[in-house]
Each structure stands twice: as structure tokens, then as C-alpha cells.
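What follows is a set of notes on a single structure, which appears directly below.
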Amino acid sequence: MAPLSNPRISSQSSRKRSLLSRLLISLAVLTVWLAAVMIYQTHKPLPAGTSYESPLYSVDEVNFLYDLTYPDGKGGVHQERQIVDRVLQMIEEAREYVVLDLFLFNDYVHEGQRYPDVSGEVTRRLIAQKKKHPRLQITFVTDEINTNYGSAPNPLLEQLKQAGAQIVITDVNPLRDSTPAYSAIWRTFIQWFGHSGTGWIPNLMASSGPDITARSYLKLLNVKANHRKVVATENSALISSGNIHNASALHSNIAFEVRGNITADILSSEQAVADFSGGGALPRWQGASSNQGSKGPGGISQTASAPLQIRYLTEGKIYKYLLESIRSTTKGDTLWMGMFYLADSQVLNELVEAGQRGVQIRLILDPNQNAFGQEKIGLLNRPVAQELLERSGQEMQIRWYNTTKEQYHTKLLYIAKAKGPSMVMGGSANFTARNLDDLNLENDLWISVPKGNKLTRDLDHYFNRIWYNEGAEYSLDYSAYHEESVWFKDIMYRLQKGLGFTTN
């Protein structure tokens, strides 16, 4: 006779199976949902007006500026500062408008550190100019890192707002996700709680800065940014690699100043950011001011016969022109690069192939040793440099900039052509996927320049001075940062690239 089953045990077993089934279904639905969010947020249409390339403009002149910090030979450092000084002059010369878009703009530093008060200088100059010329329009577009992702107001931006400036904090949510595995979770579960409030967690970016909320830190981990750097007035526009930021004040950077109709493209690109960030109308380019003469400031004309050709580029269009420029190189050309971060796989491939074609490749890289006075471990550039040397059969030439407590923050490509016009690219974009592949907001200037032009002479002087240590020890041999144990950094570098968990 078969034993009788226990109805109570059978019922409990059935409930467990039902609960497990519902749990598995829920996990499957959640997995599908998160995967869908990841796919959409990495492929969704870009906000209107981003990933932009301007028409080709012909101009007589492009001004090259740089900041350079280097050891003075006496245990200290010396700085040659051109970029911030020129920005201050541009503000003083402005009567109609000043439009700034800067990634970092604050005076927060780590305790015990001292830096030039460049952000305060610019703030005071803007306010003073507004008082002198009340009709002056000031628009400041910036990244939410400067408000600690909503944890605390930025005192400098608040001063500008009280003086009548329009402040636009970029809404990066419409941009594609660069850390999709994390961002899918953040978008699904966390974003709805906001990120403002009273901060209580110490500020890891600068210990003298305000405390930050947990929700702000969680938003920071999306690692999305408006990384642009531009200052525009009715007279000219300056595209730079440098932030106007106290803790960055000693960094080495480059900039290009342009004039004329390309300013309309720059302002239109900034208007696009304001539009998807809830900002108002920005000034529009109306042509050269009446007091500048028919050729504009400095005698700059814009005619079909002018020798230089320029384009303004943002986001992925920078990538397009960068790859095209490297691919255009032939035997006898010299490719100079000064770069804070170099890591994009396609750019590395193109550099190796250019070297195989007989192009002389000379790279000046930041050793990635310092970040605002804090030590780093050499990512990303050190494993990248080793990879390039190995792939090129040790033929590629690499030197490290001789940093102290600052960074070689330059983002500059100069292709000195043996035949035909040379090519130049510079601005905010590091040569990494985050900076090139329609993720961050970025801006660069592309320039075609004939041999013997003042711009090529300036660039030749800049790179030769650093490469050959003319007058100071600006750069070091590759061996200065070569490490036998670099393999573990190579693993970390590849994990970061594969997973997207990197700030670069």
C-alpha cells in the first residue's frame, strides 16, 4: 500500500517552486531591461547640434598660445603663462558679449596646496567688465562637476550670476553612456532620487571643497562630462586644452585663437548645449565689430586666397578628422604629438601603420604621475607607450614631459608634411574613446597650414624646444618611466578600456 503524502509538505514545496519561478522570471525581466537600457543609451541619437563640423574657412592667421611649466634648475619650477593672460585680455576688450565653456572652473584644492588664483582672476575681470559695460552679455557654460554634482553651489559662479551672467550647468543625461554597465543600473534605480542636498561625505576631488552627498557621488560614477574649453567674444575665439581652474593653474597647455565667421559656428555649438541643458539664448555672431576695420582685429581677413584653412570640430567629428589626418601621412612626413592621454585603439593602429610607411613619429606624453598634487600610477600612457614601442619594433620615438607636481595637459597633433600643407589639430580632446567617440562633449580646431607660415614656425619651435631640451630640461628619455612591472598596469589598462571604468 503506497504511503500517503503529507499535504502540508506538498503545499510548502509548491510555494517554494512558485517563489523560485517568480524570482527567476523577475531576474530574467530585469536582465533584459538592463541590457535594453545599455543598448539604447549607447546608441541613441545624439542631441541636436553635437558632433559638429563647421564649413572650411580660409584665414590669414591663427594664433598659437601655450602655457609651459618646467623645472628651473634650482629645485623649483618656472611657468610661462600665455593662455589665461590672453583670456583676461579678451574679456577686457569685449563690449558686446563673452561666452565661456569650461570643464573645470573652481578654486577648490586639497588642504595645504597653493596655486595661482586663476579662476578668481577671471571671475573678477568678468564682473569688472560688466560694471564698465552694463550691456555686455556674459554666458558661462560649464560641467556639473563644478557644483559637486548638485551638492553645493559654486561661489564663483554664484558671484557671476549675481552680476547678471547667464550660468548654464550642462545636463549630461542626454549624452550617450560611457560606462553602460553602471549607468544602466543608475538610470533604472538611482536617478529618480536626485542628487542635491546637504553633503556629508568628504570631497575626494579637493579636500577644501564642500562635502558631497552619496547621490552626487553615485552620479559622478557615470563619468560623463562637458569637457570643452572655449572662450568667445565679438572679437575672437580661443579653443584650448586648459581649464581655468586653480588646481590646474600650473599645467602645461596649448590654445589657438581664431577670428571671423567661424565664431558663428562656435556660438551655434554652444547654443546646442544650452538648448538641451535648459539654458536661454546665447549671443549670435554679427560679424566684425565696427571698430575693427574691414579685415577684423589684427588685420585678419577671410578670403578664398587666405593661406590657412580651418574647421571647428566637436565630439565624434574630431575623431573623423584625426584618423583622416594620420592616414594622409606619407614617407618623409614628421608627426608630432603632445598628449595628456593617448589610448584609443584605432588611433594607436594608425600611428603604427604610419610608422611602417616611413613617417617619423615623435610623441611627447604626460607620464600620468600627478593629478592635482596627488600621485598616480602611470595609467594610461605608460602601458600604451610600451605597446607602441613593441608594435613598432622600437622605431617609434617617445619622450615623457618632465612634470613636477603639475601635468602636461596638452592635446595637440602637428603633422609636418614633406610635400603640401601641414595639418594641425588641438583643443580639449584627449585621444581616448571617451573623448573621441561621441561620449564627452569636446571641441578642437583643425588647421591646414602652408610651409613657412608663422604658425608652422611657432609649432616647430614649440616641439623642438621640448624635444631637444633647449634652455631647460622639459622632457625625459623613455627609460625615465620604463618599468619592468608595467605588465600589471597593462592588465588594469585593458580592463579599464574594455569595461569603460575610467575617467579618461
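Things worth noting here:
- Scanning the range 236-286 for residues that are of a type in the set (A, V, I, L, M), part of a helix (DSSP H, G or I) and farther than 30 Å from Ile466 by Cα yields Ile262, Ala264, Ile266, Leu267, Ala272, Val273, Ala274.
- Any chance Tyr66 is part of a strand (DSSP E or B) and out of contact with any Cys (no Cβ under 9 Å at 6 or more places or on another chain): yes
- Number of positions in the range 70-89 that are hydrophobic (A, V, I, L, M, F, W, C) and crowded, with 20+ Cβ neighbours inside 10 Å: 3
- Whichever residue in the range 96-112 is surrounded by 16 or more Cβ atoms within 10 Å (Cβ to Cβ) and more than 17 Å from Leu156 (Cα to Cα) and, among such residues, is nearest to the chain's Cα centre (by Cα): His110
- Residue match in the range 327-335 (condition: more than 30 Å from Ser268 (Cβ to Cβ), in contact with a Leu (Cβ under 8 Å, 6 or more places away or on another chain), in a loop (DSSP other than H, G, I, E, B) and not assigned by TED's automatic domain parsing to the domain that holds Gly112): yes
- Flag if Ser248 is among the hydroxyl-bearing types (Ser, Thr, Tyr), closer than 30 Å to His110 by Cβ and either buried (at least 17 other Cβ atoms within 10 Å of the Cβ) or at pLDDT below 95 (or both): yes
- Within the range 395-489, strands (runs of 3 or more DSSP E) holding 1 or more residues that are surrounded by fewer than 15 Cβ atoms within 10 Å (Cβ to Cβ): 475-477
- Identity of the residue in the range 121-147, touching a Gly at 6+ places or on another chain (Cβ under 8 Å) and under 25 Å from Thr42 (Cα atoms), that ends up surrounded by the most Cβ atoms within 10 Å (Cβ to Cβ): Val141
- Output for the range 133-157, where each listed residue is in contact with an Asp or Glu (Cβ under 9 Å, 6 or more places away or on another chain) and within 24 Å of Asn235 (Cα to Cα): His133, Arg135, Leu136, Gln137, Thr139, Phe140, Val141, Thr142
- Sub-7 Å Cβ pairs linking a first residue in the range 415-442 that is at positive phi to a second residue that is surrounded by fewer than 24 Cβ atoms within 10 Å (Cβ to Cβ), at least 6 apart or interchain, are Asp438/Leu46; Asp438/Ser51; Asp438/Arg176; Asp438/Gly316, ordered by first then second residue.
The values are calculated or read from the model by the stated rules, or taken from the named source; none is laboratory data. Nothing here was measured: the structure is a model prediction, and the numbers come from that model. FYI the Cβ positions are ideal-geometry reconstructions off the backbone, even for glycines, and counts take in every protein chain you see.
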